[in-house]
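The values are calculated or read from the model by the stated rules, or taken from the named source; none is laboratory data. Keep in mind that this is a model prediction, so the values were computed, not measured. As a convention, Cβ positions derive from the backbone with ideal geometry for all residues, glycine included, and neighbour counts pool all protein chains shown.
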Amino acid sequence: MATSTLFERIRQHVPSSEAEPAAPVRCAGVVHQVLVLELDAAALVSTVTRLKTEFGFDLFLDVTAVDWPSHPQRFEVVYHFYSTTDKVRIRLKTRVTEADPSVDSLTALYGSAGYMERECHDMYGISFRGNPDLRPILLYEGFVGYPLRKDYPKQQEQPLVPYRPPQSALVR
Amino acid sequence: MYGKPLPVVDQAGRPAATHQKDASFEFLTTRIDDLVGWARKFSLFPYPFVTACCAMEFMAVSGSQYDTDRFGAALPRFSPRQADLLMVVGTVTQKQAPVLLKVYEQMCEPKWVMAFGVCASTGGFYQNYASLPGIDRIIPVDIYVPGCPPRPEMVIDGIMRLQEKIANSRHPLINERV
């Protein structure tokens, strides 16, 4: 089966996370038929370049982040790639700190990464070094804070139009 | 020829007997508010500000099954300048709020607003950074139709109540003091 053979080929190059937790790229096994790699943020571009050129992961699916407020490296940036030849997915996880929430941009490798990195920057404040356009895409100019971080107040609104005072429906 | 009455003749060519006007229904009296309200309530031209899933319900209620055209409120005008009923159908986000306000301000008086669905009425189950908690925070609303989505009967009931409101309200004419 193509899934297992491709994953086995990748695993030959990557130590498992139990065996070598300090390696720059670690394999965390296959979860829901997706191969999961954990890696240091510095190893991101080289790993993705290799996955794209050697292993044929030619489709960039998504980048998002997970906020772990109590973890010393607070944000987990999660990438998904798809191989249109082998029809399998791979997941890459990397950690960044709250003080410096930045990873390298993948726009040089995948053009479609631009918009998704913009969204991730909107929602979590992850800055992608090398992305030329990190303007708000879903939010608006002037929005303060990052709404999908755990410490953003759940009901805090930042209206663009000042609210009218509350009044009865009978009053115009 | 204009203004000159044609001679009314019988089959033989002789002048026919002139028509006797019946005086009983020559005119009737009413109040101008009632008359204008009656005219306006049956000529609601909606502007569908359709943003979300309630649009499906809006299409259903506009279609032949429920047919809001029976109430004179089905012909959508896709220019706010030609519309007099703003139907806000679906969730309005904070980012869309300036657009909605501009659409409302572009509509000519007299104008009415219907909040279609619970998101437009109150924000519904969205209570977060993204969505506006009810369009009445930024524009005045005449009729609220809650429901997720509202049943077509509720929408029709809302239109009829709005018509009632229009019929019973003041309709000052141009240069008339309110």
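The number of residues in the range B:94-136 being in contact with a strand residue (DSSP E or B) (Cβ under 8 Å, 6 or more places away or on another chain) and facing chain A (nearest Cβ under 9 Å) comes to 6. Residues in the range B:142-164 that are surrounded by 20 or more Cβ atoms within 10 Å (Cβ to Cβ) and either within 11 Å of chain A (Cβ to nearest Cβ) or assigned to a loop (DSSP other than H, G, I, E, B) (or both): B:142, B:143, B:144, B:149, B:150. Between A:19, A:23, the distinction of being assigned to a loop (DSSP other than H, G, I, E, B), in contact with a Pro (Cβ under 6 Å, 6 or more places away or on another chain), of a type in the set (A, V, I, L, M, F, W, C) and free of Cβ contacts under 8 Å to residues at least 12 places away in the same chain belongs to A:23 only. When each of A:35, A:106 is tested for being in contact with a helix residue (DSSP H, G or I) (Cβ under 7 Å, 6 or more places away or on another chain), in a strand (DSSP E or B) and crowded, with 17+ Cβ neighbours inside 10 Å, the lone residue that passes is A:35.
Helices (runs of 4 or more DSSP H) fully within the range B:48-124 that include at least 3 residues being of a type in the set (Gly, Ala, Ser): B:54-62.
Is at least one residue of the range A:125-136 free of Cβ contacts under 8 Å to residues at least 24 places away in the same chain, within 14 Å of chain B (Cβ to nearest Cβ) and not in a strand (DSSP E or B)? Checked the range A:125-136: at least one residue is free of Cβ contacts under 8 Å to residues at least 24 places away in the same chain, within 14 Å of chain B (Cβ to nearest Cβ) and not in a strand (DSSP E or B).
A residue that is at negative phi, within 11 Å of the chain's Cα centre (by Cα), more than 14 Å from chain A (Cβ to nearest Cβ) and surrounded by 23 or more Cβ atoms within 10 Å (Cβ to Cβ) can be found somewhere in the range B:76-84. Could you tell me whether the range B:128-136 includes any residue that is at pLDDT below 90, closer than 24 Å to residue A:163 by Cβ and assigned to a helix (DSSP H, G or I)? Yes; the residues of the range B:128-136 include at least one that is at pLDDT below 90, closer than 24 Å to residue A:163 by Cβ and assigned to a helix (DSSP H, G or I). A Cβ distance below 6 Å, combined with a sequence gap of six or more or placement on separate chains, defines the contacts here; from the range A:138-157, residues that are at pLDDT 90 or above reach residues that are of a type in the set (Gly, Ala, Ser) in the pairs A:146/A:125; A:152/A:145. Within the range A:114-122, not a single residue is among the aliphatic types (A, V, I, L, M), surrounded by 14 or more Cβ atoms within 10 Å (Cβ to Cβ) and within 14 Å of chain B (Cβ to nearest Cβ).
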